[in-house]
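First comes the structure, then the notes that go with it.
The values are calculated or read from the model by the stated rules, or taken from the named source; none is laboratory data. Just so we're clear, the structure is a prediction, and the values are computed from it rather than from any experiment. Virtual Cβ from ideal backbone geometry, glycine too; neighbours counted across all protein chains shown. Accessible surface is based on the protein model in full, side chains and every heavy atom, while ligands, DNA and RNA are left aside. Shrake-Rupley method; radii C 1.70, N 1.55, O 1.52, S 1.80 Å.
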Amino acid sequence: MTLHHRLKFLWSIVLAAVFFAFGTGICLANHAVRISDLDAAAFVVRYNNTALKEESVVRLAVPLVSNDVKLKNYRVYESDILGIEEKARLFLNVNEAGALSSIVMKSEKASVTRSLALRRVLTLALESLGLTEAERADFFSSEKRSPDKNGALRHAWCKAAGRKIVAFYDAVHAPDILVLYAWDE
């Protein structure tokens, strides 16, 4: 990962954190919670099993601890996305308790929201997190723009997991990054 890509990735995380705290459509009474009770390896296994069940060729590689990305209080794992032509990775941020706190999807070339292959990866990730087909439909129909019109937020309540799954992307500053996280309300 080049210095430019590292800086761009870190800037995207900062933007996501700001939006995470003050985002449109989510009241400040909500609390950030882990996105899954699984650890990185178990999430990848669930994702790959979901892909197999859906007869999708898109899989995730075994997650490895990232040497490029370091976040305070989190262990970051990288997992390459296999079965698509685009070079893309998932960064799985695991908290100190060992649970998956957030997921960052990073494309090396394409806009994440415009890439059909990466939208399929996102759909499989949402299903792996426990969202039903109806909840995924709610997720994709819930887009709200940030006040500056650069970023967008999508969300849906996941009944099985008991949390709201939220996605944020900034189409202007970081079109190649999408961040998934969760709220308790």
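Of note:
- Looking only at residues of segment 124-138 that are within 12 Å of Ala167 (Cβ to Cβ) and in contact with a Leu (Cβ under 9 Å, 6 or more places away or on another chain), we find that the one that is surrounded by the fewest Cβ atoms within 10 Å (Cβ to Cβ) is Arg136.
- Extreme residue, least open to solvent (accessible area, probe 1.4 Å), among residues of segment 64-78 that are in a loop (DSSP other than H, G, I, E, B) and farther than 16 Å from Lys106 by Cα: Asn73
The rows are residues; the columns are (1) part of a loop (DSSP other than H, G, I, E, B); (2) touching a Pro at 6+ places or on another chain (Cβ under 7 Å); (3) modelled with pLDDT of 90 or more; (4) open to solvent by 30 Å² or more (accessible area, probe 1.4 Å).
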{"position": "Val62", "(1), (2), (3), (4)": "yes, no, yes, yes"}
{"position": "Glu86", "(1), (2), (3), (4)": "yes, no, no, yes"}
{"position": "Met105", "(1), (2), (3), (4)": "no, no, yes, no"}
{"position": "Lys109", "(1), (2), (3), (4)": "yes, no, no, yes"}
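- Pairs, first over 20 Å from Ser56 (Cβ atoms) and part of a strand (DSSP E or B) in segment 128-148, second open to solvent by 30 Å² or more (accessible area, probe 1.4 Å) and of a type in the set (S, T, N, Q), C-beta under 9 Å, six or more apart: Lys144/Thr24; Arg145/Thr24
- Within segment 149-179, the set of residues being touching a residue at least 40 places away in the same chain (Cβ under 8 Å) and either farther than 17 Å from Met105 by Cβ or of a type in the set (Phe, Trp, Tyr) (or both) comprises Ala161, Arg163, Lys164, Phe168, Tyr169.
- Whichever residue in segment 111-123 is out of contact with any helix residue (DSSP H, G or I) (no Cβ under 7 Å at 6 or more places or on another chain), assigned to a loop (DSSP other than H, G, I, E, B) and not small (Gly, Ala, Ser) and, among such residues, is most open to solvent (accessible area, probe 1.4 Å): Arg114
- Inter-residue pairs, beta-carbon under 7 Å, first within 15 Å of Leu131 (Cβ to Cβ) and in segment 34-50, second among the basic types (Lys, Arg), 6+ apart: Leu38/Arg46
- Ser79 among the small types (Gly, Ala, Ser), in contact with a helix residue (DSSP H, G or I) (Cβ under 8 Å, 6 or more places away or on another chain) and at pLDDT 95 or above: yes
- The lone criterion from (1) in a loop (DSSP other than H, G, I, E, B); (2) at pLDDT below 60; (3) under 20 Å from Val112 (Cα atoms); (4) not aliphatic (A, V, I, L, M) left unmet by Asn30 is number (3).
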